[in-house]
Amino acid sequence: MSEKQNSLAIALFSEILVADQLLRNRLSKELPSGMEISHFSVLMHLAHANTEKTPAQLASAFHVTRGAMTNTLSKLEWAGYIHVRPDWDDARRKLVAISPAGNSARDAAIAAIAPMISSLVQEIGADSVRSALPVLRELRAKLESS
């Protein structure tokens, strides 16, 4: 890799890392009280999946350890945002689904963060955001496949 390519790669990843940290900080402040980004992410995933998932499937989807996912799921279950039940076909496994309260909490979180996200997109410009998405998607796909 040439020096120019190396500098470009470092600049790209530096910007992504800083933007990620700043966005997570802003999201944490906007989310409803007691909801963490990890909780919101799992609720979004379960709502979009529209099917039960095992804790192992969720851990894999979020690239976290099973222990970390178990911790997140315990908090979501305690809050009443998910239902966890035994897998009737394999008693060693559990299945997780979003509850009606979880759907409501997800909707409240979306309503809380939407103004901040919309404002950022408006400030940057829809055309700029639209043009950045293919590069970010390709970068994500490359990272997921490695």
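Checking the a/c ratio against 1.5 first, then a/b against b/c, what shape does the Cα gyration tensor give for segment 1-42? Prolate, because a/c is 1.5 or more and a/b exceeds b/c. Near ILE82, the amide H atoms lying under 5 Å from its own belong to GLU77, SER99; only residues 5 or more places off or on other chains count, and H is placed 1.01 Å from N. Convex hull volume of the Cα atoms of segment 8-146, normalised per residue: 138 Å³.
Just from its helices, what would the mean residue ellipticity at 222 nm be for the chain, if runs of 4 or more DSSP H residues each count -39500 (n - 2.57) and the sum is divided by every residue, rounded to the nearest 500 deg cm²/dmol? List each step's numbers first, then the result.
Working: 6 runs with 107 residues, N = 146.
Result for the chain, helices only: -25000 deg cm²/dmol.
Here LEU12 sits with roughly 70 square angstrom of accessible surface, probe radius 1.4 Å. Note on ALA11 and ARG140: the extension gain reaches 44.8 nm, defined as 0.36 nm multiplied by sequence separation minus the Cα-Cα distance.
Specify whether the C-alpha gyration tensor of segment 73-143 places it in the rounded, prolate or oblate class, a ≥ b ≥ c being the square roots of the eigenvalues: rounded for a/c under 1.5, otherwise prolate if a/b is larger than b/c and oblate if not. Please list the in-between numbers first.
Working: a/c = 4.66, a/b = 1.78, b/c = 2.62.
It is oblate, given that a/c is not under 1.5 and a/b is not larger than b/c.
The values are calculated or read from the model by the stated rules, or taken from the named source; none is laboratory data. Everything numeric in this text was worked out from a predicted model, so none of it was measured. Ligands, DNA and RNA are stripped out before the accessible areas are found, and what is left, the full protein with its side chains, is counted by its heavy atoms. Shrake-Rupley method; radii C 1.70, N 1.55, O 1.52, S 1.80 Å.
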